[in-house]
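Colleague: I have a structure I would like to understand better, so I am pasting it below and will then ask my questions one at a time.
The values are calculated or read from the model by the stated rules, or taken from the named source; none is laboratory data. As the structure is a prediction and not an experimental result, all values here were calculated from the model. Cβ: placed from backbone, ideal geometry, glycine included. Neighbour counts: every protein chain shown. For accessibility, only protein heavy atoms count, side chains too; no ligands or nucleic acids. Shrake-Rupley method; radii C 1.70, N 1.55, O 1.52, S 1.80 Å.
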Amino acid sequence: MQEQNFTRLVLVGNPNSGKTTLFNKLTGLNYKVANYPGVTVELKSGFIDFQDSESALHKFKLVDLPGIYSLTGISEDEVISTKKIFSLNKNDLILNVIDSTSIERSLYLTLELIDSGLNVVVLLNMLDEASRQGIEIYKELLSKNLSSVPVIGIIGKTGFGLDAVKNQAIKFKKSFSAKEFTPIKWVPSDLEEKLFELGHALNDSLTAPLHPTFIGLKYLSDPISLFKEIDHSEQIDSLSSEIKDLFRLQNIDCETFEATTRYQRVSKIVSSSCSFGEGEELGMADLIDTLSVDRFWGWVIFLLIVWGIFQAIFSWSQIPMSFIDAQFENLGQIISPFFETPLLKSLVLDGILAGVGGVLIFIPQIAILFFFISLLEESGYLSRAAFILDCIMRVVGLQGRSFIPLLSSFACAIPGILSTRTIPSKGDRIATIMIAPLMSCSARLPVYTLIISAFIPSDSLFGFISLQGLVLFLLYFFGVLIAGAVAFVFKKTLLKNEPAMFVMEIPPL
């Protein structure tokens, strides 16, 4: 069936707000999710059928966009999301996923989406976590303050509230009617009239039916990122100059007016729609969370974690590796009498069997490495590690955001390179891409293990530090050191640019 027969549901929200978890729940797919921002760096889509009360099926196309904080793109993934939103149709529905524990930060994007004139439904995700923190959100009041758009409470990981989401999507599809643009009340009337005229001229070059006043404001605040492909006619230039003069006459900064006013609106909405009580008492997880970003203890915890991982790779893997080796040896003894020809016997036993066994014996070590990387992702520790490592990354000209792609490259450089799209600075992004293959990926681990096992004795230092694990740690450490030196050279020569500001969300631990 052709795509135009489907109503599109587009998941939009801040990074780490639970969009991909919700996407997987609704579609039954299994895209990667993790407890740190920036996991989704490209568009994901899937087709779903919702059944109404009369057992009729309604077909939808669900699209998951990379996380953004506003409709002013900076990094590559933010530009992808914003351009996709700016190309939506009148019969598309935006599902704005909000992290209920950070509602004040999330509502800035929500107000932008509503002011854009597109169809929006607000999904308050992580209600269980918000309740644990003593946050109560009054959905009816919030809906009223958000121009009466529907507000639905959900818990993406458990599926709570998804039936209400499906019913709302079906209701929208059945009763869809194109809405007319009304004046944006928080913009002075004389300015609104001119901004509407400017936006109408700009809309001729855009495919989406966006509110002209909204487009005019976006153009004045950021004419480069989103409108660089638009032909600047004399009418657009003349209207821009006239509007800027009107702003100056009223002592208003046209570049910051939209953002300042929106933040003021967010504060009023939150104060009238939410209550913040006392959450649960701080527990061990909260104490570890505080220590993990401490200037001293943060480094102690980070080094202990890294050292523990490499110790475990050798220590924990010995039993399963010995088991695999013994099974292949037993198999060789069992099948050996069936081969009378020495050449064929050598081919099977010393070639095929020994070759396969020599590869499979390293699976436990690779599995342990992937287990710990997954554990760091799911726990939310990666963002904290990026925070404390920012000062070290600055020495070689990068920023803390480069840490997560580089850590991913220890598993495989390809997804590590893909995840660099979340780095806003182009110079930092290219430098990170160039050094990502220098990280020792999991394919090199068997080689390291073979060399270490052959030349390093299986002794212990101080009774608890494996010498082989220590050597493996040093191999990885010097690889990182060389990669840092290469990044430093690149940033001082070919990729020289101004240091980028490091801003990253710290998710719950």
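Colleague: Taking K and R as +1 and D and E as -1, what net charge do the other residues with C-beta under 12 Å from the C-beta of Leu195 add up to?
Modeller: With Lys, Arg at +1 and Asp, Glu at -1, the net is -4.
Colleague: Per residue, how big is the convex hull of segment 331-402 when only Cα atoms are used? Give it in Å³.
Modeller: Output value, Cα hull per residue: 124 Å³.
Colleague: Sticking with this structure for a sec: Going toward the positive end of the dipole of the chain, with +1 on Lys and Arg Cβ and -1 on Asp and Glu Cβ, which of Leu475, Gly355, Met321 do you reach last?
Modeller: Gly355
Colleague: Classify segment 56-110 from the C-alpha gyration tensor, please: rounded if a/c falls under 1.5, else prolate or oblate depending on whether a/b exceeds b/c.
Modeller: Note, shape of segment 56-110 comes out oblate.
Colleague: Compute the projected area of the convex hull of the Cα atoms of segment 262-404, averaged over all viewing directions, and report it in nm² to one decimal place.
Modeller: 16.5 nm²
Colleague: So for the pair Ser315, Ile456, with labels modelled 7 Å out along Cα→Cβ, what separation do we get in nm?
Modeller: 1.4 nm
Colleague: Moving on. Suppose every K and R has +1 on its Cβ and every D and E has -1 on its Cβ; what is the size of the dipole of segment 280-378 about the Cα centre, in Debye to the nearest 20?
Modeller: 540 debye
Colleague: How far is helix 318-335 tilted, in degrees, relative to the longest principal axis of the Cα atoms in the chain, given as a value from 0 to 90 rounded to the nearest 10?
Modeller: Value to nearest ten degrees: 60.
Colleague: Could you give me the percent of Cα pairs per 20 Å distance bin for the chain, shortest bin first, beginning at zero and ending with the bin that holds the maximum distance?
Modeller: Reading upward from the zero bin: 19, 45, 28, 8, 1.
Colleague: Against the longest principal axis of the chain, how steep is helix 297-315, in degrees 0 to 90 to the nearest 10, with axes from Cα atoms?
Modeller: On a 0 to 90 degree scale, this one is about 40.
Colleague: Hey, can you find the accessible area per residue of segment 318-376 for me, probe 1.4 Å, expressed in square angstrom?
Modeller: 65 Å²
Colleague: A further question on this structure: Positive end of the dipole of the chain, charges at C-beta (+1 Lys, Arg; -1 Asp, Glu), about the Cα centre: which of Val306, Ala411, Pro66 has its Cα farthest in that direction?
Modeller: About the Cα centre, the residue reaching furthest to the positive side is Ala411.
Colleague: Ok, one more. Where the only charges are on Cβ atoms (+1 Lys, Arg; -1 Asp, Glu), what is the dipole of the chain about its Cα centre, to the nearest 20 debye?
Modeller: That gives the chain a dipole magnitude of about 480 debye.
Colleague: Give me the net charge for the shell around Ser147: Cβ to Cβ below 13 angstrom, other residues only, Lys and Arg +1, Asp and Glu -1.
Modeller: +2
Colleague: Tally Lys and Arg at +1 and Asp and Glu at -1 over the other residues with C-beta under 15 Å from the C-beta of Phe50: what net charge comes out?
Modeller: +4
Colleague: Moving to a separate point now. So what is the relative contact order of the chain, in percent, for Cα pairs below 8 Å that sit 6 or more residues apart?
Modeller: For the chain, the relative contact order is 14 percent.
Colleague: When the accessible area of segment 368-509 is split by element with a 1.4 Å probe, what percent falls to carbon and sulfur?
Modeller: Carbon and sulfur together cover 76 percent of it.
Colleague: Now, a different point. May I ask you to derive the FRET efficiency for Ala354 and Ile288 from their Cβ-Cβ distance with R0 = 41 Å, giving the value to the nearest 0.05?
Modeller: Between Ala354 and Ile288 the formula returns 0.35.
Colleague: Continuing with the same structure: State in Å² the accessible area per residue of segment 378-509; use a 1.4 Å probe, count heavy atoms of protein chains only, and round to the nearest integer.
Modeller: 48 Å²
Colleague: So what's the angle, to the nearest 10 degrees on a 0 to 90 scale, between helix 189-203 and the longest Cα principal axis of the chain?
Modeller: 60 degrees
Colleague: Can you give the calculated 222 nm mean residue ellipticity of the chain, where each DSSP H run of n ≥ 4 adds -39,500 (n - 2.57) and the sum is split over every residue, rounded to the nearest 500 deg cm²/dmol?
Modeller: Estimated from H runs of four or more residues: -16500 deg cm²/dmol.
Colleague: Leaving out ligands and nucleic acids, and using a 1.4 Å probe, what accessible area per residue does segment 87-222 come to in Å²?
Modeller: 42 Å²
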